[in-house]
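Contents: one structure, followed by commentary.
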Amino acid sequence: MRRRWIDILYIEFYWWKRDIIRHFKLDTLTGISGILFVCSSVLFLIILGSAAAHIFRNFIPWVSGSRIGDVYWQSISFGIKAALTFMVFCGSLIAFIIFKIMKQS
């Protein structure tokens, strides 16, 4: 009985997923670049938020001598993460715009 319910739910979720993909056109290049754009923008906002928290935590009470190295490497790692995420964000935005323009013409 439980196996039958699981099979029915599996079939329902399959059709539900298929309807969502077709309704929002997620199986096209525009849909894939839109998904990448949204994911990279959310990740970029999370990285910027964590950087603001690190700055607030480390620089409001002035950093002492032993913590200077930690703050330095945190800023280097933030720069690398933010730069890579921003490049993916800009690339996906450009790709999304190009695919939208090509689709309309």
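Of the listed requirements (1) at pLDDT below 90; (2) over 26 Å from Ile21 (Cβ atoms); (3) within 20 Å of the chain's Cα centre (by Cα), Phe59 misses just one: (3). If we scan segment 54-61, do we find a residue that is among the β-branched types (Val, Ile, Thr), over 30 Å from Phe99 (Cβ atoms) and outside any helix (DSSP H, G or I)? Yes, some residue in segment 54-61 is among the β-branched types (Val, Ile, Thr), over 30 Å from Phe99 (Cβ atoms) and outside any helix (DSSP H, G or I).
Could you please let me know if Leu9 is within 27 Å of Ile98 (Cα to Cα) and of a type in the set (A, V, I, L, M, F, W, C)? Judged against the criteria, Leu9 is not a match. Selection within segment 84-99: residues that are among the small types (Gly, Ala, Ser) and in contact with a Leu (Cβ under 8 Å, 6 or more places away or on another chain). The member of this set that is farthest from Val42 (Cα to Cα) is Ala95. Count of segment 62-88 residues, restricted to those that are modelled with pLDDT of 90 or more and either touching a Phe, Trp or Tyr at 6+ places or on another chain (Cβ under 8 Å) or of a type outside the set (Lys, Arg) (or both), is 8. Filter segment 41-56 down to residues that are touching a residue at least 24 places away in the same chain (Cβ under 8 Å) and open to solvent by 60 Å² or more (accessible area, probe 1.4 Å) and give me whichever is farthest from Thr85 (Cα to Cα). The selected residue is His54.
The values are calculated or read from the model by the stated rules, or taken from the named source; none is laboratory data. Keep in mind that what you see is a predicted model, and the values were worked out from it rather than measured. Glycine gets a Cβ as well: all are built from the backbone with ideal geometry, and neighbour counts include every protein chain shown. For the accessible areas, the whole protein counts, side chains as well, though only heavy atoms, and no ligand, DNA or RNA atoms are used. Shrake-Rupley method; radii C 1.70, N 1.55, O 1.52, S 1.80 Å.
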